[in-house]
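Step one of this worksheet: look at the structure below.
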């Protein structure tokens, strides 16, 4: 996936949130592991999770 600008990253993160709100949680064990490994604050980890789920 190409690098996204900050607005697109936030947009993607919100898209994942809305999808999960509507249809239930995604299978995200690997995405969560990768986001935790990358580190950062909570918002950064949530955005990293969304990026990994979108791949």
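Can you pull out the residues in the range 9-26 that are part of a helix (DSSP H, G or I) and either in contact with a helix residue (DSSP H, G or I) (Cβ under 9 Å, 6 or more places away or on another chain) or surrounded by 12 or more Cβ atoms within 10 Å (Cβ to Cβ) (or both)? Steps first, answer last, please.
As a first pass, look at the range 9-26 and keep what is part of a helix (DSSP H, G or I): 9-23.
9, 10, 11, 12, 13, 14, 15, 16, 17, 19, 20, listed by residue number.
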In the range 27-55, what residues are assigned to a loop (DSSP other than H, G, I, E, B) and within 11 Å of the chain's Cα centre (by Cα)?
28, 55
Could you grab me the full set of residues in the range 31-51 that are free of Cβ contacts under 8 Å to residues at least 24 places away in the same chain and either at positive phi or surrounded by 12 or more Cβ atoms within 10 Å (Cβ to Cβ) (or both)?
31, 32, 33, 34, 35, 36, 38, 39, 40, 44, 45, 48
All but one of (1) exposed (fewer than 12 other Cβ atoms within 10 Å of the Cβ); (2) at pLDDT 95 or above hold for residue 55; which doesn't?
(2)
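The values are calculated or read from the model by the stated rules, or taken from the named source; none is laboratory data. Treat the numbers as computed from the prediction; the structure is a model and nothing was measured. Ideal geometry is used to build each Cβ from the backbone, glycine not excepted, and the neighbour counts take in all protein chains shown.
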